[in-house]
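Asker: Have a look at this one before I ask anything.
The values are calculated or read from the model by the stated rules, or taken from the named source; none is laboratory data. Keep in mind the model is a prediction, meaning the values are calculated, not measured. All Cβ positions, even for glycine, are placed from backbone atoms using ideal geometry, and neighbour counts span all protein chains on display.
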Amino acid sequence: MIFLRLFKDSRLKGTGTMILLLLAIFIPSFISDFSSNGSSELMAHTGMPFYNLIFGAIHTVTVLNHFVAMLLIMLISYLLLRIGVRDQLLQQRSLMPAIFFILFTASLPAAREVSPALIGSIFYLLCFIILFEVHDKRPDTLSIFSASLVLVLGSMFYLKLIWFIPLIWISLWTMRQVTWRELLYPVIAYLLLAFFLFTWFWGIRDNGGGFVSLISENLSFQGGFQSYHFSVYILYAYMILLVGIASIYMIKRFQSMKTMVQNIFQVMFYMFLAGAVLFAFITRFDPTTLVFIAFPVTFVLSNYFHRKKNPWIHELALWILVGLVVYVQIML
């Protein structure tokens, strides 16, 4: 058992293997960057002011774009590991959440680049890092407003985060009882964002129409389904199969978990549904938004692969998963 020994324990060898795995997945993109048509592979993105200001120029340098994307994926992987440890979502410290996140998110070339969705997902995750602790907070504290402000800051990079406001409300009700003021905090935070943008465009730049255009462009339902090589469908069909098996296992042992852990996994189920709706209906199968589905999927799979029974079956399942990811990189 190679992968289970490496990834179940947060050791130096496992961390090194994880970094090598991420580099191996990015190698096709780096090779393409130095080819004659490498610059044509980056997708065109409609971003908010902060995104255009900070990351706008990076789309003209493909090597830098992919390198920064790799660093951002490593950062998100680290945050997922910290969530697993802090909230005791797994029976032991493990690199599994980071591994599954990398395999799920970075397999497609279009997802291995800097995008508004990737930047926004960091703030989305930070928002829920705060929300996962509200069970210890008294009602009407500023923690929920702080989480809302973090999501709003992320919306300055990726405005479609606004569609997750209902998810925040549902998550709060799942974690503990909330007051009507706490339900208003996300709305107030986004009203502050609208006031800031309107003041900038109308009051400073004297371009009220620019404010309307910015909002409409960043909230529009763009894109559509695009066909991929059949290897991609095999890979994600296999991942769906693993998620289904892992979900059944979690349901069987759900009542034995701590109440706090139960609540967090319920919230992650809602995060999965919200991410699926965003991917399928709002962004219309934009591969960069797979990151929002990946967050809950990583912990469901990690929880299953920490099961002590049938380790050889788990080892074989991991080898098949890694093999399919490699196959996708060869075929695309």
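Asker: For the range 105-128, name all the residues that are at pLDDT below 95, more than 19 Å from PHE55 (Cα to Cα) and part of a helix (DSSP H, G or I).
Answerer: Result: THR105, single match.
Asker: Scan the range 136-158 and tell me whether some residue there is under 20 Å from PHE104 (Cβ atoms) and in contact with a Pro (Cβ under 7 Å, 6 or more places away or on another chain). Break it down stepwise before answering.
Answerer: Going through the range 136-158, the residues under 20 Å from PHE104 (Cβ atoms) turn out to be 158.
Those left that are additionally in contact with a Pro (Cβ under 7 Å, 6 or more places away or on another chain): 158.
The answer is yes, given that some residue of the range 136-158 is under 20 Å from PHE104 (Cβ atoms) and in contact with a Pro (Cβ under 7 Å, 6 or more places away or on another chain).
Asker: Taking THR17 as meeting all but one of (1) buried (at least 16 other Cβ atoms within 10 Å of the Cβ); (2) at pLDDT 90 or above, write down the number of the exception.
Answerer: Just one mismatch for THR17, condition (2).
Asker: Check the range 281-292 and report whether any residue there is free of Cβ contacts under 8 Å to residues at least 60 places away in the same chain and either in contact with a Pro (Cβ under 8 Å, 6 or more places away or on another chain) or among the β-branched types (Val, Ile, Thr) (or both).
Answerer: no
Asker: Something else about it: Could you list, in sequence order, the residues of the range 49-108 that are surrounded by 15 or more Cβ atoms within 10 Å (Cβ to Cβ) and either touching a Pro at 6+ places or on another chain (Cβ under 7 Å) or of a type in the set (Gly, Ala, Ser) (or both)?
Answerer: TYR51, ALA69, SER77, LEU80, LEU81, GLY84, SER94, ALA98, ALA106, SER107, LEU108
Asker: In the range 214-247, what residues are closer than 30 Å to ALA194 by Cβ, in contact (Cβ under 8 Å) with a residue 24 or more places away in the chain and part of a helix (DSSP H, G or I)?
Answerer: LEU214, ILE215, GLU217, ASN218, LEU219
Asker: Which residue is farthest from MET331 (Cα to Cα), if the candidates are limited to the range 38-58 and must be assigned to a helix (DSSP H, G or I), in contact with a helix residue (DSSP H, G or I) (Cβ under 6 Å, 6 or more places away or on another chain) and at pLDDT 85 or above?
Answerer: Looking at residues that are assigned to a helix (DSSP H, G or I), in contact with a helix residue (DSSP H, G or I) (Cβ under 6 Å, 6 or more places away or on another chain) and at pLDDT 85 or above, I get TYR51.
Asker: Follow-up. Which pairs have Cβ atoms under 7 Å, sit 6 or more apart or on different chains, and link a residue in the range 176-196 that is more than 13 Å from ILE144 (Cα to Cα) to one that is surrounded by 14 or more Cβ atoms within 10 Å (Cβ to Cβ) and of a type in the set (Ser, Thr, Tyr)?
Answerer: Pairs found: LEU193/SER155.
Asker: OK, next. Out of (1) hydroxyl-bearing (Ser, Thr, Tyr); (2) under 29 Å from TRP319 (Cβ atoms); (3) outside any helix (DSSP H, G or I); (4) at pLDDT below 90, the odd one out for SER35 is which?
Answerer: Condition (2) is where SER35 drops out.
Asker: Take the range 226-280 and flag every residue that is of a type in the set (Val, Ile, Thr), surrounded by 17 or more Cβ atoms within 10 Å (Cβ to Cβ) and farther than 28 Å from LEU131 by Cα.
Answerer: Within the range 226-280, VAL232 is the sole residue that qualifies.
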